[in-house]
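Everything below concerns the one structure shown next.
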Amino acid sequence: MNTCPGGRPRKHSLGAAPKQVARLSPDPPEVREPMSQLSAFKRLGEPQEVADVAVFLATNRARWITGASLDATGSSLLG
């Protein structure tokens, strides 16, 4: 079995939500900015980027990969 632990992907923005609601967002700017600096890409990953790794592992192209853990973290675990 293969796994693909993801880093902390960016959560979808609340957009034009009132300030009181946006402040309670799981991804406020005061959290997002320091977390993004941990990645070699200087940004948080998108949920789709982590999903792409999982989908790849489920395809026939990954048939020779067994018992692997592919970190989809944007290098934030390298530290």
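The values are calculated or read from the model by the stated rules, or taken from the named source; none is laboratory data. Being a predicted model, the structure only gives us computed values, none of them experimental. No Cβ is skipped: glycine too gets one built from the backbone with ideal geometry, and neighbour counts run over all protein chains shown. For accessibility, only protein heavy atoms count, side chains too; no ligands or nucleic acids. Shrake-Rupley method; radii C 1.70, N 1.55, O 1.52, S 1.80 Å.
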Subset of segment 46-68 (residues that are of a type outside the set (A, V, I, L, M, F, W, C), open to solvent by less than 90 Å² (accessible area, probe 1.4 Å) and modelled with pLDDT of 90 or more)
ASP52, THR59, GLY67
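Considering segment 12-27 alone, what residues qualify as being at pLDDT 60 or above and either closer than 28 Å to THR66 by Cα or surrounded by 13 or more Cβ atoms within 10 Å (Cβ to Cβ) (or both)? Steps first, answer last, please.
Let us first name the residues in segment 12-27 that are at pLDDT 60 or above, namely 26-27.
Passing the criteria: only ASP27.
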